[in-house]
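J.: Below are the C-alpha cells for one structure; questions will follow.
The values are calculated or read from the model by the stated rules, or taken from the named source; none is laboratory data. Worth saying up front: this structure is predicted, and the values here are computed from it rather than measured. Ideal geometry is used to build each Cβ from the backbone, glycine not excepted, and the neighbour counts take in all protein chains shown.
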C-alpha cells in the first residue's frame, strides 16, 4: 500500500505535466486510489478535513492580499512611483533599471501579487527603457525579476500558503523573510551597477534636459513625497501592525485591503467599473487557489492514509541521508518542478510530502519556509515556463522576442540561486528574527 501511495504521487505529477487540471487531478486520482486501497468508509474523514481548510482563519488573508494587490494596480500608484524614481536615479548609469528594482520591491511589500506587478511595470517602464537605449535583455530581465520579489518580500501570498501547509506562524515567516528579501534587492541593484559600469551603452543615464524638464513641471517635491509616502503608509499599516503584535496577518490583510481602496479613491481612480474588475479578478484567483487546496487536502488524506509519509520517512532514514543532503535534494526537485508547474501546485503537492521528513530531522520549519519561498521565486523566472516571462511577453512591444526574455533573465536566476545557497549555508540571515 505504501508503494501505491508513491505511485499515486507519481501519476499526479505526470498528469499535471501533460496539462490536466491540477485541482481535479489531485482530488480525482486521490479518490480513485483511496477507494480501491482504503475503501469508501475511509472518506468519512474527508468532510471534516475540508471544513478545517474552509474555516482556517489564516487563509482568509489570501483573498484579502489578492484584492489589495489588484486594487493597487488600478490606483495608478505604480506609474507615479516609477516616474518619480526614474528621475531621482536618472543621473546614474543604470539609474532607470535601479528605479524599476526599487519600485518592484515597494510594490512587492505593498501587494505581493507577481502578475499585477510585472504587467504594470512592463506596460509603464519597458517602452521607456527601450526608448532610452537600454539593451532589451537588461530591460526585460530587470522588470521580470523585480516583479517576482512579491514571492519573498512580505506580505506574500506564497508565505501565507506555506505557513498553512507547514503549520507555522505566518507572522514569523513574514518577519524571517524580510531581511533576505531586502538583501536580494541589493544584489539586483549591485548587478545592474556593475553591468552599467562595464557596458555603459547597455544602461545609459538620462539626459540632464529630461531631468530638468520633470523638475520644472511643477510640484516636484510634492510628487516625490506623495509617491513615497503613500506606499510606505500602506507597508507600515500592514507589516508594522504584524511585527508590532497589534494585528494578526489576516487582520493586517484586511487593513491593507481597506488602505488600497482608500489610496485608489485618493488617486481618483475608483469607480464602479474598476470595482467590478477588482472583485471579479479577486474572486477568480481566490477560487483557483482554494479549489486546488481542496484537491490537495484530499491527496494529503489519502497519501497519509496509505502510509506514504511514514514510508518516505523510513526510506530516508534507511538511506542514511544527512539533513543537509535531503534539503539539497528537495531544493533541486522544487527548482526543476518550477520549470513545468505553478508555485501553488508545488506548495500543495510536494511540500506536504516532505514536511514530515523535515520535522523528523528536527529542522527549523521557518527557515525551510523561507528557503522554499526563495526557490519558488525562481519558478516564475525559469525558462521555458516562467510565468513572469509570459506576463511580460504579453505586454512587451513587438520587437521584444522570447530570446531577449530568456537571455535577460539568466543572470538574475543565477543571482537568486547563489543567494539561496548563501541562506542555506548561513541560516542566521533568516533565523535571527525568530530565535
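J.: Say whether the condition of being modelled with pLDDT under 90, closer than 30 Å to residue 364 by Cα, outside any loop (DSSP other than H, G, I, E, B) and under 22 Å from the mean Cα position of the chain (by Cα) is met by at least one residue in the stretch 220-235.
T.: Our first condition is that a residue be modelled with pLDDT under 90; within the stretch 220-235, this holds for 220-235.
From the residues that got through so far, the ones that are closer than 30 Å to residue 364 by Cα too are 235.
Imposing the further condition that a residue be outside any loop (DSSP other than H, G, I, E, B) reduces the set to 235.
Right, trim to under 22 Å from the mean Cα position of the chain (by Cα) and you get 235.
Checked the stretch 220-235: at least one residue is modelled with pLDDT under 90, closer than 30 Å to residue 364 by Cα, outside any loop (DSSP other than H, G, I, E, B) and under 22 Å from the mean Cα position of the chain (by Cα).
J.: Let me ask something else. Do we find a residue being farther than 21 Å from residue 387 by Cβ, over 21 Å from the mean Cα position of the chain (by Cα), crowded, with 24+ Cβ neighbours inside 10 Å and at pLDDT below 90 anywhere in the stretch 192-201?
T.: no
Matching residues to (1) at pLDDT 85 or above; (2) within 23 Å of the chain's Cα centre (by Cα):
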residue: 258; (1), (2): yes, yes
residue: 262; (1), (2): yes, no
residue: 267; (1), (2): no, no
residue: 270; (1), (2): yes, no
residue: 276; (1), (2): yes, no
residue: 284; (1), (2): yes, yes
residue: 293; (1), (2): no, yes
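J.: Among (1) buried (at least 24 other Cβ atoms within 10 Å of the Cβ); (2) at pLDDT below 85; (3) more than 30 Å from residue 356 (Cβ to Cβ), there is one condition residue 115 misses while meeting the rest; what is its number?
T.: (1)
J.: Quick one: would you say residue 75 is at pLDDT below 85 and within 30 Å of residue 252 (Cα to Cα)?
T.: Details: at pLDDT below 85: yes; within 30 Å of residue 252 (Cα to Cα): yes.
Spelling it out, residue 75 is indeed at pLDDT below 85 and within 30 Å of residue 252 (Cα to Cα).
J.: For the stretch 298-311, give me each residue that is in contact (Cβ under 8 Å) with a residue 60 or more places away in the chain and farther than 13 Å from residue 351 by Cβ.
T.: Within the stretch 298-311, 298, 301, 302, 305, 306, 307, 308, 310, 311 meet the criteria.
J.: Okay, next question. How about the stretch 116-172: which of its residues are touching a helix residue (DSSP H, G or I) at 6+ places or on another chain (Cβ under 7 Å) and outside any helix (DSSP H, G or I)?
T.: Answer for the stretch 116-172, where residues must be touching a helix residue (DSSP H, G or I) at 6+ places or on another chain (Cβ under 7 Å) and outside any helix (DSSP H, G or I): 132, 134, 135, 152, 153, 154, 155, 156, 168, 169.
J.: Within the stretch 295-406, which helices (runs of 4 or more DSSP H) (wholly inside it) include 1 or more residues that are modelled with pLDDT under 85, crowded, with 23+ Cβ neighbours inside 10 Å and under 15 Å from the mean Cα position of the chain (by Cα)?
T.: Working: elements: 308-318, 323-337, 343-349, 351-360, 365-379, 387-395.
Where helices (runs of 4 or more DSSP H) fall fully within the stretch 295-406 and carry at least 1 residues being modelled with pLDDT under 85, crowded, with 23+ Cβ neighbours inside 10 Å and under 15 Å from the mean Cα position of the chain (by Cα), they are 343-349, 365-379, 387-395.
J.: Considering only the stretch 1-71, give the helices (runs of 4 or more DSSP H) lying wholly within it that have at least 1 residues that are within 27 Å of residue 339 (Cα to Cα). Break it down into steps so the answer makes sense when it comes.
T.: Numbers: elements: 2-17, 22-38, 46-54.
Ranges flagged: 2-17, 22-38.
J.: Another question about this same structure. How do the pairs read when you match residues in the stretch 143-163 that are closer than 14 Å to residue 379 by Cβ with residues anywhere that are modelled with pLDDT of 85 or more and part of a loop (DSSP other than H, G, I, E, B), using Cβ under 9 Å and keeping only pairs 6 or more apart or on different chains?
T.: Sorted first by the residue in the stretch 143-163, then by its partner, the pairs are 158/152; 162/168.
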